[in-house]
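Have a look at the structure below, then the notes.
The values are calculated or read from the model by the stated rules, or taken from the named source; none is laboratory data. Note that the structure is a prediction, hence the values are computed from the model and not measured. Methodologically, a virtual Cβ is constructed for each residue, glycine included, from the backbone with ideal geometry; neighbour enumeration extends over all protein chains shown.
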Amino acid sequence: MIDEVFPAHEEIELDLLLEAIWRHYQYDFRGYSRGSLHRRMERACHRFGCEGFSHLQHRLLREPAMFAELMGFLTIQVSEMFRDPAYFRALREKVVPHLRTWPSLKVWIAGCANGEEFYSLAILFREEGLEDRTIFYCTDISPAALAKAEAGIFDLARIPQFTENHRLSGGHSSLSDYYTAAYGGAVFDKSLRARAVFAEHSLATDQVFAEAHLVSSRNVLIYFDRGLQDRALGLFGESLVRGGFLGLGARETLRFSRHAGAFADFDAGERIYRRNTVALQAIADA
Ligand SMILES: C[S@@+](CC[C@H](N)C(=O)[O-])C[C@H]1O[C@@H](n2cnc3c(N)ncnc32)[C@H](O)[C@@H]1O
């Protein structure tokens, strides 16, 4: 895709806006992919009635209440349960047999958004008999998204798509076993999150907090520039046990990363990689 070219003065103003957000609110969006961030901040200006990025910055520094709403423009929560069913089928058929060999498991879902990816994995692990030995760490930078993930309530209109994805992923139970219709939504069984921890964590600024056997971080790196992608992939590599698995989104790869040598392709088509014994480039460089 050809990078969009924006006027130089807007780029400077956007830099200053992101710097102000970082210094005032401690959220770091400076390493995000520029084109899409630029367009989203233009939409935010429109929403807040601001004439440009400088005006938005001026107001944000004085009106903290605006920031929570701005987070909705800075982050994108688009997701589905069992999104890209072939990925979940590959986990089920190819990764699960390896996971079974560990007596206890930790799964890190980095950028879990409103929880669709977590509930998919929790259901898959229950179906495959791994749930009782697993702890799920669900992290995101958006507190609003994490609250929704923890509530586990999804619009009923989305359920047919989730059901079809679950079937295509090789699900061998009925998705309807896991939710009840209430409050105008599908309320997922709270037992699914009995072994889950939901926490704020930024791949841009925070460190590794746990050892993991599987890191699933899908459709998060696409919002980052190359440097920030490298940082996140370094964290995944540090977190994974030797032989642990990393799953990325359909449009994401670690091929061009400085950490590529620390992973081996496991199912390249489904963007599933395996941590090998080679030291992370970042560690080797230190
Ligand atoms: C498009 S959603 C991905 C949802 C889900 N993983 C999937 O593939 O369907 C991207 C998520 O990444 C989160 N995110 C953005 N920047 C992040 C960061 N620096 N650290 C952690 N999560 C981040 C956003 O808040 C958003 O919830």
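Reported count of residues in the range 96-145, each being among the hydrophobic types (A, V, I, L, M, F, W, C), in a loop (DSSP other than H, G, I, E, B) and closer than 22 Å to Q207 by Cα, is 3. Whether any residue in the range 56-66 is more than 30 Å from S173 (Cβ to Cβ) and polar (S, T, N, Q) is what I want to check. Yes, that holds for at least one residue. Taking the criterion of being closer than 15 Å to F118 by Cβ, of a type in the set (S, T, N, Q) and part of a loop (DSSP other than H, G, I, E, B), the only residue of the range 180-220 that qualifies is N219. Summed over the range 15-26, the residues that are within 16 Å of the ligand (Cβ to nearest atom), surrounded by 19 or more Cβ atoms within 10 Å (Cβ to Cβ) and in contact (Cβ under 8 Å) with a residue 24 or more places away in the chain give a count of 1.
Filtering the range 232-242 to residues that are within 13 Å of the ligand (Cβ to nearest atom) and surrounded by fewer than 19 Cβ atoms within 10 Å (Cβ to Cβ) leaves nothing. A search for C-beta distances below 7 Å between a residue of the range 203-216 that is in the same structural domain as R242 (by TED's automatic domain parsing) and within 15 Å of R30 (Cα to Cα) and any residue that is in a strand (DSSP E or B) and within 13 Å of the ligand (Cβ to nearest atom), counting only pairs 6+ apart in sequence or on different chains, returns L203/A110. Scanning the range 255-264 finds one or more residues that are in a strand (DSSP E or B), away from the ligand (no atom under 15 Å from the Cβ) and not assigned by TED's automatic domain parsing to the domain that holds R30. Among the residues of the range 1-29, those that are modelled with pLDDT of 95 or more and either more than 20 Å from P143 (Cβ to Cβ) or more than 23 Å from the chain's Cα centre (by Cα) (or both) comprise I12, E13, L14, D15, L16, L17, E19, A20, R23, H24.
The numbered conditions (1) within 11 Å of the ligand (Cβ to nearest atom); (2) surrounded by 19 or more Cβ atoms within 10 Å (Cβ to Cβ); (3) of a type outside the set (F, W, Y); (4) part of a helix (DSSP H, G or I) are all true for G72 except (2). Note on the range 221-231: among residues that are outside any strand (DSSP E or B) and surrounded by fewer than 23 Cβ atoms within 10 Å (Cβ to Cβ), the one that is nearest to the ligand (Cβ to nearest atom) is Y223. Every residue in the range 38-69 that is without any contact (Cβ under 8 Å) to a residue 40 or more places away in the chain, of a type outside the set (D, E, K, R) and outside any loop (DSSP other than H, G, I, E, B), please. Once the filter is applied, which keeps residues that are without any contact (Cβ under 8 Å) to a residue 40 or more places away in the chain, of a type outside the set (D, E, K, R) and outside any loop (DSSP other than H, G, I, E, B), the range 38-69 yields H38, M41, A44, C45, H46, F48, H55, L56, H58, A65, M66. Inspect the range 164-179 for any residue being at pLDDT 95 or above and either part of a strand (DSSP E or B) or not assigned by TED's automatic domain parsing to the domain that holds G237 (or both) and give the result as yes or no. Looking for residues that are at pLDDT 95 or above and either part of a strand (DSSP E or B) or not assigned by TED's automatic domain parsing to the domain that holds G237 (or both), one finds at least one in the range 164-179, hence yes.
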